[in-house]
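Chemist: I have a structure here, written as structure tokens, and I will follow up with some questions on it.
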Amino acid sequence: MILPVVKYGHPVLRQRGARIEKITPEIKKLIEDMLETMHASKGVGLAAQQIGQALLLTVIDVRDVKDRPSSLELDGKPADVNGFMPLVLINPEIRPFGEFVTGGEGCLSFPEIFGEIARPESVEVKALDEKLKPVEFRCGGLLSRAVQHEMDHLNGILFIDRMDKATKEELRPQLDALQAATKAELQKGK
């Protein structure tokens, strides 16, 4: 089922996710729905906060992006990124490393808003998959950027928090309008 993606201004986007200790039928369904929602929205990642659940859960799939390559290492050896997708990361921990690289980012919770964000070029990831089995890998390129972006969501951090001041000021009218529209929607729903 395709779920509604919450937009900037919704308080759940600022909440740190709760750990997932077991895979219940509800969590299984949530993962399926998140993957379906991400693909339907043409996104490369989706955090539980973006569908209104403050959990340490994200899904990622970079297979459809051809113009921004990704790299992947499993057990210290290069691996096929496409064969590793889609990714389900539960209770992830990351260690970013390498030079900071600036790249364009968007977010499903910020429709039509994009900005250049500087992030470390690579990241080491430790997480659990949808069966609560440990998964560890190193990645670079778009996959690294997506992991870091989604990890921020799980901690209540938004990509606008990582923008330089000038970019954020330039986007201020759009951000204010989106936030106001979201708050108005929330008020109507009460």
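Read-outs throughout are calculated quantities, based only on the coordinates presented, and are distinct from any laboratory measurement. Keep in mind it's a predicted model, so treat the numbers as computed, not measured. Here the Cβ is made from the backbone with ideal geometry for all residues, glycine too, and neighbour counts use every protein chain on show.
Chemist: Applying the selection to segment 3-19, what residues are aliphatic (A, V, I, L, M), part of a loop (DSSP other than H, G, I, E, B) and either surrounded by fewer than 18 Cβ atoms within 10 Å (Cβ to Cβ) or over 14 Å from the mean Cα position of the chain (by Cα) (or both)?
Modeler: LEU3
Chemist: Here is a follow-up. From the residues in segment 33-67 that are within 16 Å of LEU132 (Cβ to Cβ) and not β-branched (Val, Ile, Thr), which one is surrounded by the fewest Cβ atoms within 10 Å (Cβ to Cβ)?
Modeler: LEU55
Chemist: Oh, and also: Quick check on this structure: which one of GLU105, GLU26, GLU99, GLU93 is touching a helix residue (DSSP H, G or I) at 6+ places or on another chain (Cβ under 9 Å) and loosely packed, with under 13 Cβ neighbours inside 10 Å?
Modeler: Only one candidate passes the filter, namely GLU93.
Chemist: I'm told PRO173 meets every condition in (1) closer than 24 Å to GLY98 by Cβ; (2) in a helix (DSSP H, G or I); (3) not small (Gly, Ala, Ser) except one. Can you identify the failing condition by its number?
Modeler: Checking PRO173 against (1) closer than 24 Å to GLY98 by Cβ; (2) in a helix (DSSP H, G or I); (3) not small (Gly, Ala, Ser), the one that fails is (1).
Chemist: State the number of residues belonging to segment 154-185 that are surrounded by 14 or more Cβ atoms within 10 Å (Cβ to Cβ) and aliphatic (A, V, I, L, M).
Modeler: 8
Chemist: Look at ILE117 and say whether it is crowded, with 19+ Cβ neighbours inside 10 Å, touching a Gly at 6+ places or on another chain (Cβ under 9 Å) and closer than 21 Å to LYS42 by Cβ.
Modeler: Values: crowded, with 19+ Cβ neighbours inside 10 Å: yes; touching a Gly at 6+ places or on another chain (Cβ under 9 Å): yes; closer than 21 Å to LYS42 by Cβ: yes.
So ILE117 passes the test.
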